[in-house]
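The structure appears right after this line, and notes come after that.
The values are calculated or read from the model by the stated rules, or taken from the named source; none is laboratory data. From a predicted model like this one, the values you see are computed outputs, not experimental measurements. Note: ideal-geometry Cβ built from the backbone for every residue, glycine included; neighbour counts use all protein chains shown. Protein only, heavy atoms only, side chains kept; ligands, DNA and RNA dropped before computing areas. Shrake-Rupley method; radii C 1.70, N 1.55, O 1.52, S 1.80 Å.
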Amino acid sequence: MSTRKQVALLGLWAAFLAVVVLIYVQVRDQPPSPPQASLGTLTQAVLNAESGTGVPQDQISLDAAHPAIVSPDSVTWWDAAGGEHVTPNADQGAVENIFASNHYTNFTPEGGVPLTTLLLVLVPTLIIVMVIVILYWRQGAGGPVGLLRSRTKAVAGDQPLSTFADVAGCDDAKLEMGELVAFLRDPDRYRDLGARVPKGVLLVGPPGTGKTLLARAVAGEADCAFLSVSGSEFVEMFVGVGAARVRDLFKKARKSAPCIVFVDEIDAVGRRRGGAGVNLGHEEREQTLNQLLVELDGFDQGARIVVIGATNRADVLDEALLRPGRFDRQVTVDAPDVTGREAILAVHARCKPLGEDADLGLLARRTPGFTGADLANLINEAALLAAREQLPVIGMAQLEAAVDRVLAGPERRGRLLSLEERRTIAYHEMGHALVLTSLPGTDPVRRVSIVGRGRSLGWTLTVPEGDRALGSKSQLRNRLAGLLGGRAAEEIVLGQEDITTGGADDLLKATQLARQMVTELGMSGLGVRVVEAGEMGLAHAHSDELGRRVDDEVDRLLDEALGRARAILAARRQLLDALAARLLEVETMSGVELAAIVSSNPTVELHGVAVPRTAAKTAVPVSTGARSTAAVPRRPAGAGARR
């Protein structure tokens, strides 16, 4: 909105507020209403004034300074003593006849509209006009017609676009998208072979994996127009606006051919129609989706227009949108592996001065599960830390600190805690670390700290030894025990009655993991049955009896994990005390020091299950940050992060 329009809008609001203030002042300062008199009393007062009989209070005033005011619905008059009276519901013609028949001429007929009636009409009208003007200006120069136009972001040919050289860590996706580039550059080669290039390509992957960057790179490689729009911009409160915007978008695309139309977050407009709990009764969204389906069908193969959609919720998209002939191909853009992470780090570090000790390969091995956006943020945080320390280059120390900062948040050393609270946090975090170190198949502990980061008071940083695509039942059970290690340590050291609120986040994560094992992964007494939950507040898709059995299995897994954690810590109580005392002294303990202390203690047998000294084998963790795998839900940095 221009400055002139903003000033005019501000003036309108000021006028509206002035009217409101005027009404308030008039209502506040309005004198008490005069006493009411009937029409008979008014007639008698006129007769008394003509004959000169009665007291002054019973005669109507003949003074020209106090004439009777006759309005269409009432009469305001004064008596000879100066008292004001009102005769309501009086017909104006009848009153004037009474005055004329008794030769009374000291009155004034009032034919205007009363102020209250005028305000009741003008104020709502002014509000409606202001709303219309605001809607008109918000649509730009197009006015109300602009509401029906798509809000696309066009990238002109003279503006720099990304290329495949700027995209790393997704070689398979680049290979699939390369066919679109070849089609846009040389469509005749495909027509000669009778091949039909996909009209639409759907990029599917978690947030931050580079779907938008990949679409821009395709446009840059093909040297064609690039129209970008978000799926949420098609959904409006006005019926028909979304469909009109879809038509306008494809009209622009046809004029700009060869062209790439990129629809980000397409699940906002392409959600499944009909089914239980999905878009139930949302006619505007369905109308917009129907128009999108029609436009995708209406493409001419010679138009050289390709639609690229991006989403991280492909499971909610309508089947008609995914059928061949519309979005023919789905390209998965997943989190990169170690080679891809190293390439992504190299791309983002190209224009930054790195120190001689900066090892991007080692950093890539220490960041499993990081997406491209995470790695870009990591390099930027390292640069900010180097600038804060006034260093000329970015060293490995800044990169390592940036990893911890991205995973667990910035340090909060300014928060003052009592010695007793710090001791409790030390035992809690060492409970996590000791249980995780004592069980096989768990991620190695890289760092334990009682220095708060983000919202946590203390944190235990665990890191996978490499990229992991699958998780076994035993690994998940051990992870549950590690999550509950902090609560188990508090129960052993403080007692059942003095456990703290520090483990709330651990309990939430453990409950979510246990429920996922029961309802999704088939790793409980319920067998391989998948238990579906109800959607959008609708009824559950299972019986109450099955829901009770699910709850029982979740409770069983949690109780079992808590019992294992208690047994491990009780058997190594002296080691727990020593580790907590050392952590209280140094505040932050590395995985190397933890491994050295734990490896000096003998193996303990727990009910026939050996607790091996895995820390000796994992003295130097080779990656950072506990990240999700295909079978494990995503979780933040530390297994023992305290909220």
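Taken as a whole, the structure leaves Val181 outside the set of residues that are at pLDDT 80 or above, within 25 Å of the chain's Cα centre (by Cα) and surrounded by 14 or more Cβ atoms within 10 Å (Cβ to Cβ).
If you go through the stretch 23-73 and keep only what is in a helix (DSSP H, G or I), loosely packed, with under 12 Cβ neighbours inside 10 Å and at pLDDT 70 or above, you end up with Gly40, Ser51.
Within the stretch 336-349, track down each residue that is open to solvent by 40 Å² or more (accessible area, probe 1.4 Å) and under 27 Å from the mean Cα position of the chain (by Cα). If the condition is that a residue be open to solvent by 40 Å² or more (accessible area, probe 1.4 Å) and under 27 Å from the mean Cα position of the chain (by Cα), then His348 is the only one that fits. Being hydrophobic (A, V, I, L, M, F, W, C), touching a residue at least 24 places away in the same chain (Cβ under 8 Å) and assigned to a helix (DSSP H, G or I) is the requirement here; does Leu436 meet it? So Leu436 fits the description; yes.
Is there a residue being open to solvent by less than 30 Å² (accessible area, probe 1.4 Å), in a loop (DSSP other than H, G, I, E, B) and modelled with pLDDT of 85 or more anywhere in the stretch 155-165? Taking every residue of the stretch 155-165 in turn, none turns out to be open to solvent by less than 30 Å² (accessible area, probe 1.4 Å), in a loop (DSSP other than H, G, I, E, B) and modelled with pLDDT of 85 or more. Cβ separations smaller than 6 Å between residues 6+ apart or across chains give the following pairs from the stretch 551-570 residues that are closer than 9 Å to Ala514 by Cα and part of a helix (DSSP H, G or I) to residues that are of a type outside the set (A, V, I, L, M) and open to solvent by 70 Å² or more (accessible area, probe 1.4 Å): Val554/Arg515.
Scanning the stretch 239-261 for residues that are open to solvent by 10 Å² or more (accessible area, probe 1.4 Å) and part of a helix (DSSP H, G or I) gives Ala244, Arg247, Asp248, Lys251, Lys252, Arg254, Lys255, Ser256.
When residues in the stretch 459-510 are screened for being open to solvent by less than 10 Å² (accessible area, probe 1.4 Å), of a type in the set (Val, Ile, Thr) and farther than 18 Å from Ile568 by Cα, 2 of them pass. One residue alone among Arg405, Arg422, Arg388, Arg415 is open to solvent by 70 Å² or more (accessible area, probe 1.4 Å) and more than 17 Å from Lys352 (Cα to Cα), and that residue is Arg415.
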